[in-house]
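Heads up: the structure comes next, in structure tokens.
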Amino acid sequence: MKILVIAEKELKEYILKPGSISWGIIFPLVFTLAFAVRFGDVDHLAPGLMSISILFGTTSFVSSSIIFERRLRTFERLLVAPVKRVEIVGAKILVGTLFGLFVGAVSFLILRLFMAYRVWNPLLLITFMFVSGTAFSGLALWVSLRVENPINAMTWLNLIRLPMIFTSGAIVSLLLFPHWFIVVGLITPMTYAVDGMRYAMLGYYDVINPIYDLLVTVLLSMLFTYLSVEELRRLY
Amino acid sequence: MEEGAVVAEGLTKRYGDFTAVDGINLTVKRGEIYGLLGPNGAGKTTTVRMLTTLTQITSGNAWVNGYSVREEPLLVKRSIGLVPDVSNLYDELTVEENLLFAARLYNAPIERVRELIREFDLPANKKFGKLSSGFKRRTTIAAALVHRPEVLFMDEPTTALDVSSARNVRNLIRLLNKEGITVFITTHNMIDAESLPHRIGIIKEGKIIAEGKGRELKELMGKGMVVKLLVEPITSKLINEIEAYSPTFDEGFIVVTVEDVDEFLEELFDLKMRLGFKVKRISTELPTIEDVFVELTERNGCSCGGCPL
């Protein structure tokens, strides 16, 4: 399986890159810790904070690898090898997801210390963490391939992911906003991850039925995978 | 399309209005070293990128080992190795890990990695990022050979190498070729161009303007000799007077190609008397590939970068 061969190389090469560490590990975990310490009882906040951790973990890792590979032209090693574009994209998304799951899991362990209730459905939580990770990794890959100068990829990603913290209801529930803002929430990819994880952890949801959360997140994963493959085709 | 190891027919690459490669036709025979020689921006790298499937072809087509670059890119990729102009392996992986990764991508046996490490005398456990530029180059070449490709593409193989490393790489290329690998190199390095290829194509502004063996290309210069002059002062009047010889400039020397040296010297001394310049040095040489290259690529519109006027 070429996907696993590439994924293993990605982990070895990029796990300790500054972009992965600063934006992918330190930022989300400090963010989680700050909220946990400030509010104490974090049960309702936990799904949002975990989503943020997964978002930053996945996107930072994927973006970091693309920035380095395009700048140092190591990306061409993959393109000149007998590997299909979808395998390259699949490997990048897989390894970004694994990294995001790791950051999400550490975030969960921190939050667990401050939570009053047990997780309602652990298996569903892992499922949501995984599909959210693939959607976020796909988004990061597509954006990183789209930007002309790879060095700007992290800036463009921040333009997308920082507003999403607010518009997805990760920190403040969308139910507390006017009705029109819920529409903004519905067009934010992260909303479905937050809402789905809230259901898996607490047994209730804010806005969207969890079946739709799962469905939309899976569809987003497929969409970003497709867009990334097409972007690769356009670029090379 | 089985004739050559590499065949291009009307190979063209356009970026918007700009044509980087303009309808190239070429055939590289199996077992030869072919050199694509051209100034910066002439289209060498774009040509190699198209032939190795890295850049989409705008029009025309190419065949590598009989496989169509357009229709059978995966088969092309399986049968070629590419050494780009920058050594682009993974810094955080060791030499061995880099080669193992390449082997796994091509489903090559693991023993081949050990074989290459031994043959190329590589430091297996050293991280690629910590290697000298010479070793980086050798490792990059080794990685391109892990699956025993029939055709090896090398873009500027000796760029950024010191004299000794460049010589080692040239010896390595000859050795690989002796083992039966067809080698396609692009270069603007005249030592590479003079010493490596069996045949040379000279590319300018996306078109191949001359092609042949080194000797054949030198014959394009006629039966002439290259005369190098160091005179003081170089004036525009002097340049105008020898305009008919299409002079070029090389590190302060005026370089001209002449059919009859004796006749040129007579004319030169006549000019010396009239214009009053001093001849500091003068030498005559048989034309080199560099002379052919300069003659063909710089004649229409000086791009020598060293013109004193």
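The values are calculated or read from the model by the stated rules, or taken from the named source; none is laboratory data. These figures come from a predicted structure and were not determined experimentally. Don't worry about glycine lacking a Cβ; one is built from the backbone with ideal geometry, like all the others, and counts go over all protein chains shown. To get the accessible areas, we keep the full protein, side chains included, count just its heavy atoms, and leave off ligands, DNA and RNA. Shrake-Rupley method; radii C 1.70, N 1.55, O 1.52, S 1.80 Å.
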Exercise. Restricting the search to region A:1-14, which residues are in contact (Cβ under 8 Å) with a residue 24 or more places away in the chain and closer than 13 Å to residue B:91 by Cβ?
Worked result: A:13, A:14
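Quick one: count up the residues across region A:1-21 that are open to solvent by less than 50 Å² (accessible area, probe 1.4 Å) and either in a helix (DSSP H, G or I) or more than 18 Å from residue A:68 (Cβ to Cβ) (or both).
Start the filter on region A:1-21 by keeping residues that are open to solvent by less than 50 Å² (accessible area, probe 1.4 Å), which leaves A:2-3, A:5-7, A:9-10, A:13-14, A:17, A:19-20.
Narrowing further to those that are either in a helix (DSSP H, G or I) or more than 18 Å from residue A:68 (Cβ to Cβ) (or both): A:2-3, A:5-7, A:9-10, A:13-14, A:19-20.
So the count comes out to 11.
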Exercise. Would a scan of region B:98-107 turn up a residue that is within 24 Å of the chain's Cα centre (by Cα), open to solvent by less than 10 Å² (accessible area, probe 1.4 Å) and either within 13 Å of chain A (Cβ to nearest Cβ) or not aliphatic (A, V, I, L, M) (or both)?
Worked result: no
For this session: Could you tell me whether residue A:91 is within 14 Å of another protein chain (Cβ to nearest Cβ) and buried (at least 21 other Cβ atoms within 10 Å of the Cβ)?
Result: yes
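One line per residue, one yes/no per condition, for (1) over 22 Å from the mean Cα position of the chain (by Cα); (2) facing another protein chain (nearest Cβ under 9 Å); (3) open to solvent by 40 Å² or more (accessible area, probe 1.4 Å); (4) basic (Lys, Arg):
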{"position": "B:51", "(1), (2), (3), (4)": "no, no, no, no"}
{"position": "B:54", "(1), (2), (3), (4)": "no, yes, no, no"}
{"position": "B:57", "(1), (2), (3), (4)": "no, no, no, no"}
{"position": "B:60", "(1), (2), (3), (4)": "yes, no, no, no"}
{"position": "B:66", "(1), (2), (3), (4)": "yes, no, no, no"}
{"position": "B:83", "(1), (2), (3), (4)": "no, no, no, no"}
{"position": "B:96", "(1), (2), (3), (4)": "yes, no, yes, no"}
Problem set entry | Residues that are of a type in the set (Val, Ile, Thr), within 19 Å of residue A:225 (Cα to Cα) and not in a loop (DSSP other than H, G, I, E, B), drawn from region A:97-150 | A:97, A:127, A:131, A:134, A:143
Problem set entry | Residues (open to solvent by less than 60 Å² (accessible area, probe 1.4 Å), farther than 20 Å from residue A:196 by Cα and part of a helix (DSSP H, G or I)) located in region A:35-46 | A:35, A:36
For this session: Sort out which residues of region B:20-45 are surrounded by fewer than 22 Cβ atoms within 10 Å (Cβ to Cβ) and either within 17 Å of residue A:236 (Cβ to Cβ) or in contact with a Cys (Cβ under 7 Å, 6 or more places away or on another chain) (or both), and write them in order of number.
Result: B:20, B:45
Exercise. Residues of region A:63-86 being within 8 Å of chain B (Cβ to nearest Cβ), touching a Pro at 6+ places or on another chain (Cβ under 7 Å) and open to solvent by less than 10 Å² (accessible area, probe 1.4 Å), which ones?
Worked result: none
Exercise. Given the conditions (1) crowded, with 17+ Cβ neighbours inside 10 Å; (2) more than 14 Å from every other protein chain (Cβ to nearest Cβ), and given that residue B:77 satisfies all but one, which numbered condition is not satisfied?
Worked result: (2)
Problem set entry | Test: residue in region A:76-83 that is touching a residue at least 40 places away in the same chain (Cβ under 8 Å), touching a helix residue (DSSP H, G or I) at 6+ places or on another chain (Cβ under 6 Å) and within 22 Å of residue A:147 (Cα to Cα) | yes
For this session: Pick out the one residue from A:16, A:49 that is of a type in the set (A, V, I, L, M) and at pLDDT 85 or above.
Result: A:49
For this session: Filter region B:85-94 down to residues that are open to solvent by less than 10 Å² (accessible area, probe 1.4 Å) and among the polar types (S, T, N, Q), then give me how many there are.
Result: 1
